[in-house]
Each structure stands twice: as structure tokens, then as C-alpha cells.
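Notes for the one structure printed next.
The values are calculated or read from the model by the stated rules, or taken from the named source; none is laboratory data. Since we're looking at a predicted model, the values are computed, not measured. In this analysis, Cβ positions are derived from the backbone assuming ideal geometry, glycine residues included, and neighbour counts consider all displayed protein chains. Each accessible area value is taken on the protein alone, full model and side chains, heavy atoms only, with ligands, DNA and RNA left out. Shrake-Rupley method; radii C 1.70, N 1.55, O 1.52, S 1.80 Å.
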Amino acid sequence: MDAGLPAGWTIERVRALSGDSSAAPLSLDRLVVVEVAGQGDYEPLRPDVILAFHELCLVRDDGEWFMGQLDDDGSVICWASYGPDLAEAIRSL
């Protein structure tokens, strides 16, 4: 369950920092995109970790954490990068 998380991180630590006891990793078998600012278009991401916090998700792609929303069909639409630090990204939830 902790596979793919940064060194020193566990799902329990993610849950404690986020205050969401139901936070969970999601499978990578889904469409994940990020909105292109000002263009109304999307670019695909290739995440190596997806963490769900109810409808919100944090997605790691190429070392950056993106915030997004889990859609009804299971896809994730991200709107911005929150940087490489998981703790900072979680605090932005």
C-alpha cells in the first residue's frame, strides 16, 4: 500500500497529515490529465502515484505533485502543480 510513496512516507502518515482517514492510493489504470493554462486544453500525465482524498487527488508525475479532481468515470483532471514536496501538496488540500 505504501509502494511508490516518497522515502519515509506511509499511507498512515499521509492520512495523519491530511486529516483524512480514508485517504488511499488509487490504481494507475486511468486517464490523468492536466489543464493547460489559458488554452482550454489538456495534456496527459503519466503518474507513478495517485492519492485520493474523497473527490480530490494528488498525482505525482516526473517528481511533481499535481492537484486534481476524481471524475465519476475514474479519470483525474488536474489543474496545477503543487511542487515536489508531498507535505506541502497535502497542506494545500
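Here the accessible area is traced with a 1.4 Å probe on the protein chains. For the chain, carbon and sulfur cover 48 percent of it. Projecting the Cα atoms of Phe53, Trp9, Ile90 onto the charge dipole of the chain (Cβ charges, centred on the Cα centre) puts Trp9 farthest toward the positive pole.
Inter-part distance, the stretch 1-60 to the stretch 73-92, computed on C-alpha centroids, equals 6 Å. Per residue, the chain exposes 57 Å² of accessible surface when a 1.4 Å probe is rolled over the protein heavy atoms with every protein chain present.
For the pair Asp29 and Arg91 in one chain, pulling the backbone fully straight at 0.36 nm per residue adds 19.7 nm over the alpha carbon distance.
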